[in-house]
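Data first, discussion second: the structure below is written as C-alpha cells.
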Amino acid sequence: MTKNLDDGHTPEGGGILARPDGATIAYRKLEGKTPGVVFLHGYHSDMEGGKALALEEMCRAQGRAFLRFDYFGHGKSSGDVLYGTVGRWAADAVAVIGQLTEGPQVLVGSSLGGWIALLTALEHRDRVAGLVGVAAAPDFTEDLMWQDFTFEQRRALMETGELELPNCYEPENPWRVHRSLIEDGRNHLLLRDLIQIHCPIRLIQGQRDADVPWETALRLAECLASEQVEVVLVKDGDHRLSRDCDLARLTAVVAAMLEAIQES
C-alpha cells in the first residue's frame, strides 16, 4: 500500500510505502522511460544527498524514471536506525523496487547502498539491467567494523547489546551500533564467494577514502561473476565523492551505462 507524504508539502512524486510489519518507507519518484534509475543511500545517510539529487536531475532531463528512498530508521522513514540491519534494509529495497518500479532498472548504491544494491540484484536478477557502486561497502559490518573492534569493544557489544562509536562527520552525534547489525550482517556476506550477478557493473572508488579501503573495489570486482565490470579509481577522492567533479563523473558513468543498455 502506498500513500502521499503528509508533511505539509507533498513533493513531486513523494509517497510512503507501508511494510507488512507496520513500518513505513518514504520515497520520491519520477515517472518516465526505462531503464529507470534507483538510488540507494549510505549508512546514516538519506535520499536527500547530493548524489541522489544529481541523478534525479539527470533523469528528469532525460524523461527517465527515477526512484530514491529512505531505508528503515533513516530520513523520513519510520523506525530507529539502531535496530536496522542489512537484511531489513535489503528487504526494503527489494520491496520498493518490486512495488514502485516497472521494467529494467539501473541500481546506484553508495557505501552501504552498494551492498544493498548487490543483494537486491541477486533477488531481482530479471529486473536489474546494470549496477553502479560508489564507495560500495559490501561486508562492512564484518570486515570494517567487527574486525577493527578491540577486545573490549567486542565484549561490550556482546554483553550489553550496544556500542557507541565516534562519528567523524558529526562528532557531537556518535553512532550507536546494536549487536544485531553485526550478527545479521554475517548472514549477507558476499566477498567470500562468487557473486552471481552478470549485468554491467561500474565501481567508483576514492583512494583517499578513510572509511572503505580502495582495495575493496578491486576485491569486489574479482568476486563478481559479470565480465562487464569496470573500476574507476579517483586518486584524490574521499568516501562521500560528493564534490561537483564527483557528481559530474557519477552522472556521466550512469548515463553511459544507460546508453549502452539501450543499444544492446
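Could you compute the FRET efficiency for residue 168 and residue 126, with r as their C-beta to C-beta distance and R0 at 30 Å, rounded to 0.05? Walk me through the numbers on the way to the answer.
Working: r = 40 Å, r/R0 = 1.32.
Here the calculated transfer efficiency is 0.15.
Using unit Cβ charges (K, R positive; D, E negative) and no other charged atoms, how large, in debye to the nearest 20, is the dipole of the chain about its Cα centre? If you can, show how the numbers build up before the last one.
Working: 26 positive and 40 negative charges, 105 e Å.
That gives a dipole near 500 debye.
By the gyration tensor of its Cα atoms, with a ≥ b ≥ c the square roots of the eigenvalues, what is the shape of the range 95-232: rounded for a/c under 1.5, prolate for a/b over b/c, or oblate? Show your work: numbers first, answer last.
Working: a/c = 1.98, a/b = 1.70, b/c = 1.16.
The shape class here is prolate.
For the range 20-58, which GluC sites (Glu not before Pro) are in a loop by DSSP, counting at most 16 other Cβ atoms within 10 Å? Please report the intermediate quantities before stating the final value.
Details: sites: 31, 48, 56, 57; in loops: 31, 48.
Here the GluC sites (Glu not before Pro) that fit, given the DSSP loop and packing criteria, are 31, 48.
Using a/c under 1.5 as the rounded threshold, could you call the range 213-264 rounded, prolate or oblate? The axes a ≥ b ≥ c are square roots of the C-alpha gyration tensor eigenvalues, and prolate needs a/b larger than b/c, oblate otherwise. Numbers along the way, then the final one.
Details: a/c = 3.38, a/b = 1.10, b/c = 3.08.
Since a/c reaches 1.5 but b/c is at least a/b, the shape of the range 213-264 is classed as oblate.
Shape verdict for the range 157-241, please, from the Cα gyration tensor: rounded (a/c under 1.5), prolate (a/b greater than b/c) or oblate. Walk me through the numbers on the way to the answer.
Numbers: a/c = 3.53, a/b = 1.41, b/c = 2.50.
The shape class here is oblate.
What Kirkwood Rh does the chain have if only Cα atoms enter the pairwise 1/r average? Answer in Å. Display every interim value, and only then the final one.
Numbers: mean 1/r = 0.0537 Å⁻¹.
After inverting the mean inverse Cα-Cα distance, the result is 18.6 Å.
Pick from 251, 150, 120 the residue whose mean-square fluctuation is largest in a GNM of the chain, springs joining Cα atoms under 10 Å.
Judging by the Gaussian network model, the answer is 150.
Run the simple label-point estimate for residue 99 and residue 226 please: 7 Å along Cα→C-beta, distance reported in nm.
2.7 nm
Find the centroid of the Cα atoms in the range 205-264 and in the range 112-162, then give the distance between the two in whole Å.
What the calculation gives is 18 Å, centre to centre.
With a 10 Å Cβ neighbour count serving as the proxy for reagent exposure, in which order, fewest first, do 33, 76, 51, 235 appear?
Numbers: 33 13, 76 18, 51 24, 235 8.
Least crowded to most crowded, the residues run 235, 33, 76, 51.
Among all the aspartates and glutamates, which ones have a C-alpha under 18 Å from residue 235's C-alpha, if same-chain residues fewer than 8 places away are not counted?
Within reach: 209, 211, 215, 244, 246.
How high is the relative contact order of the chain? Use alpha-carbon pairs under 8 Å, at least six apart in sequence, and give a whole percent.
Numbers: 518 pairs, mean separation 40.6, N = 264.
Result for the chain is 15 percent.
Can you sort 145, 158 by how many other beta carbons sit within 10 Å, fewest first?
Working: 145 18, 158 12.
Starting with the residue having the fewest Cβ neighbours, the order is 158, 145.
Taking the beta-carbon count within 10 Å as an exposure proxy, list 214, 89 from fewest neighbours to most.
Values: 214 17, 89 26.
Going from sparsest to densest Cβ surroundings: 214, 89.
Readers should treat all values here as calculations from the given coordinates under stated rules, not as data from a laboratory. Bear in mind that the values here come from a model prediction, so they are computed numbers and not experimental data. Quick reminder, even Gly has a Cβ in these numbers, built from the backbone with ideal geometry, and neighbours come from all protein chains shown.
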